Amino acid sequence: MRIILLGPPGAGKGTQAKMLKERFGIPQISTGDILRKAAQDNTKLGRQAKTLMDAGKLVQDDTVIGVIRERIAQEDCRNGFVLDGFPRTIVQAEKLVDTLKDMDLSIDAVVDFVVDSQVLINRLTGRRTCSDCGAMYHETSRPPRIRNVCDVCGASLYQREDDKEETIKKRLEVYQNETAPLKEFYRKQGNLKTTQGCGSVEEIFSRVCSMVT
Ligand code: AP5
């Protein structure tokens, strides 16, 4: 099963991707997570990406396409994967088609989440992430039992650098200009499925499961 999750920043792609990973035993491939890890490890890729990410801009197509090509060729992707945050431009989507074609593969479903922009801003400004295991919380809608401490592993929580309100606005603008056109791209390919990204995480997950199976 090969799935793409589309949607603006804060639409819930990461949340749903983690649940799909558990349910179907396929890896979640988040370009954002891969780039943040590279930045944390202070690699050349990470240093280049960090400046753009912190400013709410997209990392160059060639860079992320290279990252994805390498990742989907790995053994754990043999039975499928969930792409979370890739593709984000038409060029990336076209290169993905070519890459999968070379491997005799294709995408089974593209799920697009629709969420009102004020809801997105509230979700992102309140998001907190575990610095160790990556578990995700929200200050009001999904608070940890102890403030700033991960329920799962006990490590401290942090706020992403790009989750400041001004940067969020830039990310939403970039999404409209660069990523929203992908809906038409996948509609033409015949595999676009659209769902409301509001409601409980579990309700949304149930809708997503019925769309991808
Ligand atoms: P990336 O990490 O991909 O960020 P994003 O797409 O902006 O998406 P987010 O992670 O912010 O949101 P999400 O939709 O995953 O929502 P989440 O589940 O976390 O990219 C970051 C940067 O990396 C980019 O700006 C760019 O610079 C670079 N980059 C990455 N990929 C790239 C690419 N392909 N090309 C070029 N550059 C790239 O949920 C958000 C919050 O809402 C959480 O607190 C969560 O708990 C809460 N929440 C989720 N669902 C619900 C619900 N149903 N109800 C209430 N709260 C909810």
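Readers should treat all values here as calculations from the given coordinates under stated rules, not as data from a laboratory. Remember, it's a predicted structure, so these values are computed and weren't measured experimentally. Glycine gets a Cβ as well: all are built from the backbone with ideal geometry, and neighbour counts include every protein chain shown.
Values for this structure:
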{"read-out": "Highest-fluctuation residue, 179, 167, 63 considered, GNM on the chain with Cα pairs under 10 Å", "value": "63"}
{"read-out": "Gained length - residue 188 relative to residue 70, 0.36 nm times residue gap less alpha-carbon distance", "value": "39.8 nm"}
{"read-out": "Cα centroid of segment 112-137 to Cα centroid of segment 1-50, whole Å", "value": "13 Å"}
{"read-out": "Residues whose placed amide H lies under 5 Å from that of residue 30, excluding near-sequence neighbours", "value": "84"}
{"read-out": "Ellipsoid semi-axes in whole angstrom, largest first, where each is sqrt(5λ) of the Cα gyration tensor of segment 1-98", "value": "21, 15, 14"}
{"read-out": "Local net charge near residue 58, Cβ-Cβ under 11 Å (Lys/Arg +1, Asp/Glu -1)", "value": "+2"}
{"read-out": "³J(HN,Hα) computed for each position of segment 76-86 - Karplus, 6.51 cos²θ - 1.76 cosθ + 1.60, integer Hz, glycine/proline x", "value": "5, 8, 4, 9, x, 6, 10, 8, 10, x, 9"}
{"read-out": "Residue 138 long-range amide H proximity, modeled H, under 5 Å", "value": "128"}
{"read-out": "Virtual spin-label span in nm between residue 173 and residue 200, 7 Å along Cα→Cβ", "value": "3.8 nm"}
{"read-out": "Residues in segment 193-213 that a label on residue 108 would reach, taking backbone N under 19 Å of a point 7 Å out along Cα→Cβ", "value": "193-195, 205-213"}
{"read-out": "Alpha-carbon radius of gyration plus Dmax, which is the widest Cα pair, for the chain in Å", "value": "16.5, 49"}
{"read-out": "Mean shadow area of segment 112-213 over all directions, Cα convex hull, nm²", "value": "7.7 nm²"}
{"read-out": "Additional length obtainable on full extension of the chain from residue 149 to residue 40, 0.36 nm per residue less Cα span", "value": "37.2 nm"}
{"read-out": "Amide H contacts of residue 194 (H built 1.01 Å from N, under 5 Å, at least 5 apart or other chain)", "value": "112"}
{"read-out": "Under 11 Å, Cβ to Cβ, from residue 205 - net charge with Lys/Arg +1 and Asp/Glu -1", "value": "0"}
{"read-out": "Segment 66-147: radius of gyration over Cα atoms, expressed as a fraction of 2.2 N^0.38 Å", "value": "1.44"}
